[in-house]
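Enquirer: Here you go, one structure.
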Number of protein chains: 2
Amino acid sequence: MLFMFKKRDNIKEVEEGKYFSPKFDEKGLIPVVTTDFKTGGILMHGYMNREALKRTIETKEAHYWSRSREKVWHKGQVSGFIQKIKEIRVDDDQDSLWLTVDIGNGSSCHVGYRSCFYRSIPLGKINNDEAIEIKFEEKVKVFDPSKVYKDEPNPTKL
Amino acid sequence: MLFMFKKRDNIKEVEEGKYFSPKFDEKGLIPVVTTDFKTGGILMHGYMNREALKRTIETKEAHYWSRSREKVWHKGQVSGFIQKIKEIRVDDDQDSLWLTVDIGNGSSCHVGYRSCFYRSIPLGKINNDEAIEIKFEEKVKVFDPSKVYKDEPNPTKL
């Protein structure tokens, strides 16, 4: 454990104390939600390890842990859509982070949409025997992934 | 696997298809970010299992999986701060959810603040030998947890 991230000694201190004591799970990761400074909407949900978190704080550009590529990932390195950090917040028990970022007119989703959350789920009674249809809320892609990523493997896993 | 959540057959379908195929991790959970319909800010980060997700869609009130209590948790059952669902979105690879909820003038944080994310982390060079001090962004609690929760155990774990 690095000293910059204070040891989690007691609950009161974690919840209401003045030190940053992030909780990394058994894989060494903490979940991160990233919202768009401009629109206020959520852009993506990802993970950081200690190194990605340190680099994010220091460089003021978002770094994540890529679970598919198993390495620290400087978001935008390939696509050019760097996320400039406006604010980082931590939750009550310090086991998740909220980043507010500036991506200008760019995109955060490797599929090409501005936000990764481009589809909504209908509410109400579910028929157990029928697949739920989802609705596209974003209809226009910001970029063409095949041109931007070329031969990069798709990070989505089944 | 229930049929209402379509089997994840191929990546193209998961990313750009019209069916809901949420990915539950090895513990049977999917991470969920909840934002405030009124302020646009993030209220909390939690998890759902299949049952909590089904109940959320059907009742239009947020249900989560409580990892500390190990059961489905109808948010607000004790505190009264029910989260009424305005929208549910799913991300590109369908391994996280975004809920937009209405909590009126209530709170989402068991510590008493409106949002669980009431503290921010300063940006810039880190001194490895020094604990990072965080800053309170919300200063006023919406409710007094000791009065609302009485003898309920604190869900925060070290």
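Enquirer: Using a Gaussian network model of chain A whose springs link C-alpha atoms within less than 10 Å, name the residue from A:Leu29, A:Leu123, A:Leu97 with the highest mean-square fluctuation.
Expert: Top of the fluctuation ranking is A:Leu123.
Enquirer: Treating the angle as unsigned and between 0 and 90°, give the value, to the nearest 10°, between the Cα long axis of helix B:50-59 and the longest Cα principal axis of chain B.
Expert: With both axes taken from Cα atoms, the answer is about 90 degrees.
Enquirer: Something else about it: Below 8 Å between Cα atoms, with a sequence gap of 6+, how large is the relative contact order for the stretch B:105-151 in percent? Intermediate results must be reported in sequence, preceding the final value.
Expert: Working: 49 pairs, mean separation 19.0, N = 47.
Here the relative contact order equals 40 percent.
Enquirer: State, in angstrom, two size descriptors of the stretch B:30-104 derived from its alpha carbons: Rg to one decimal place and Dmax to the nearest whole number.
Expert: Here Rg and the maximum Cα pair distance are 11.4, 34 Å.
Enquirer: Run the dipole for chain B about the Cα centre, Lys and Arg Cβ at +1, Asp and Glu Cβ at -1, nothing else charged, and hand back the magnitude in debye, nearest 20.
Expert: Taking the Cα centre of chain B as origin, the dipole is about 520 debye.
Enquirer: Which stretch or stretches of the stretch B:88-108 have amide N atoms under 20 Å from the point lying 7 Å from B:Glu61's Cα along the Cα→Cβ direction?
Expert: Residues B:88, B:99-108 fall inside that zone.
Enquirer: How high is the relative contact order of the stretch A:1-48? Use alpha-carbon pairs under 8 Å, at least six apart in sequence, and give a whole percent.
Expert: Result for the stretch A:1-48 is 25 percent.
Enquirer: Related question: In nm, give the distance between the simple-model label positions of A:Lys147 and B:Asp102, each being 7 Å from the Cα along the Cα-to-Cβ direction.
Expert: Label at A:Lys147, label at B:Asp102, 4.2 nm between them.
Enquirer: Please list the non-local residues whose amide H lies under 5 Å from the amide H of B:Asp93, H modeled 1.01 Å from N, same-chain partners needing a gap of 5 or more.
Expert: Correct list: empty.
Enquirer: Please compute the Kirkwood hydrodynamic radius of the protein assembly as shown from all pairs of different C-alpha atoms, in Å with one decimal.
Expert: Details: mean 1/r = 0.0498 Å⁻¹.
The answer is 20.1 Å.
Enquirer: Continuing with the same structure: Express in whole angstrom the spacing between the alpha-carbon centres of the stretch A:15-53 and the stretch A:93-158.
Expert: 18 Å
Enquirer: Now, a different point. With a Förster radius of 30 Å, plug the Cβ-Cβ distance of A:Lys84 and B:Asn127 into 1/(1 + (r/R0)^6) and report the FRET value to the nearest 0.05.
Expert: Details: r = 23 Å, r/R0 = 0.77.
Calculated value: 0.85.
Enquirer: Contact order normalised by length for the stretch B:1-100, with contacts defined as Cα pairs under 8 Å and 6 or more residues apart; what percent is it?
Expert: Over the stretch B:1-100, the number comes to 26 percent.
Enquirer: Are there any trypsin sites (Lys or Arg not before Pro) in the stretch A:6-80 that are in a DSSP loop and have at most 10 other Cβ atoms within 10 Å? List them by number.
Expert: Listed in order of number, the matching sites are A:Lys27.
Enquirer: Hey, what's the Cα Rg ratio for chain B versus the globular rule of thumb, 2.2 N^0.38 Å?
Expert: Normalised Cα radius of gyration, chain B: 1.17.
Enquirer: Okay, next question. Can you list the copy-to-copy distances for A:Ser146, using a point 7 angstrom from Cα toward Cβ, in nanometres, shortest first?
Expert: Shortest to longest, the spacings are 6.4 nm.
Enquirer: Dipole magnitude of the stretch B:89-155 about its Cα centre, charges +1 at Lys/Arg Cβ and -1 at Asp/Glu Cβ only, in debye to the nearest 20?
Expert: It works out to roughly 460 debye.
Enquirer: Using helices alone, what [θ] at 222 nm do you get for chain A, with -39,500 (n - 2.57) per DSSP H run of 4 or more residues, divided over all residues and rounded to the nearest 500?
Expert: Calculated mean residue ellipticity at 222 nm is -3500 deg cm²/dmol.
Enquirer: Would you please give the residues with an amide H less than 5 Å from that of B:Leu43, counting only those at least 5 places away or on a separate chain, with H modeled from the backbone geometry?
Expert: B:Thr34, B:Thr35, B:Asp36
Enquirer: Now a separate question. Restrict the search to the stretch A:3-98; then list the GluC sites (Glu not before Pro) that DSSP places in a loop and that have at most 13 other Cβ atoms within 10 Å of their Cβ. Provide the component values of the computation, followed by the final result.
Expert: Details: sites: A:Glu13, A:Glu15, A:Glu16, A:Glu26, A:Glu51, A:Glu58, A:Glu61, A:Glu70, A:Glu87; in loops: A:Glu26, A:Glu70.
Of the GluC sites (Glu not before Pro), the ones in loops of the stretch A:3-98 whose Cβ has at most 13 other Cβ atoms within 10 Å are A:Glu26, A:Glu70.
All of the numbers you see were taken from the coordinates with simple rules; none came from a lab. Small disclaimer: the values here were computed from a predicted structure and weren't measured. Glycine also receives a Cβ, built like all others from the backbone with ideal geometry; neighbour counts cover every protein chain displayed.
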